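Just so it is clear, none of the values below were taken in a lab; they were calculated from the coordinates. Predicted, not measured: the structure shown is a model, and the values here were computed from it. Backbone-built Cβ (ideal geometry, glycine too); neighbour counts: all protein chains shown.
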């Protein structure tokens, strides 16, 4: 290889690394607005808002797209997503997926958690959410999620308030009682 080519290649690589680092900084600074609800690096401490740190990027992207396109509705998220481009949504998804999830301060009721595990096994939750509820592709990781958020989402699926799931969660949640949902939420909280 000619020396000038190697130098040019090294300069190009250095420039690419600098641009990538700057893009990462830009996403982190833009993501600060998300932290008002979702907490530092996506670690919400408020059960009304989901923990998105460590969530799989495909799921985050698809949910943002669904908020933007009206397949999912929320008075806070819908307007936020409406202003995002496809590239913005992917950048946010990648950023939050790369963050480390922190455990919630919730202390699960172990009796309810045991009943929740039984219900999870009975309803075959792990077929989609995988073992330990780690999620996959467009199926969210729910392990360690706030119980209040889990219960709200299950109720929304059951009551057809949330329908962006191709019917999977709606059909499962219609079989759940309020007690089942509370038990499942306690179980899921123990899976951090």
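Worth a mention:
- Taking a ≥ b ≥ c as the square roots of the eigenvalues of the Cα gyration tensor, an a/c ratio of 1.5 or more together with a/b no larger than b/c marks the range 113-153 as oblate.
- For the chain, the relative contact order comes to 22 percent (Cα pairs under 8 Å, sequence separation of at least 6).
- Taking each DSSP H run with n ≥ 4 as -39500 (n - 2.57) and averaging over every residue of the chain yields -17500 deg cm²/dmol at 222 nm.
- For the chain: rounded, prolate or oblate by the Cα gyration tensor [a/c cutoff 1.5]: prolate
- Between 0 and 90 degrees, the angle of helix 178-189 with respect to the longest Cα principal axis of the chain falls at about 40 degrees.
- Angle between the chain longest axis and helix 3-31 axis [Cα atoms, degrees, rounded to 10]: 40 degrees
- Placing a label point 7 Å from the Cα of residue 124 along the Cα-to-Cβ direction, the residues of the range 143-176 with a backbone N closer than 15 Å are 168-173, 175.
- Helix 147-158 axis, angle to the chain major axis (alpha carbon atoms, nearest 10°): 80 degrees
- Extension gain for residue 32 to residue 107 (0.36 nm times residue separation, less C-alpha to C-alpha distance): 24.2 nm.
- Across the range 110-189, C-alpha contacts under 8 Å between residues 6 or more apart give a mean separation that, scaled by the residue count, equals a relative contact order of 47 percent.
- Cα shape, the range 37-128, gyration tensor, a/c 1.5 rule: prolate
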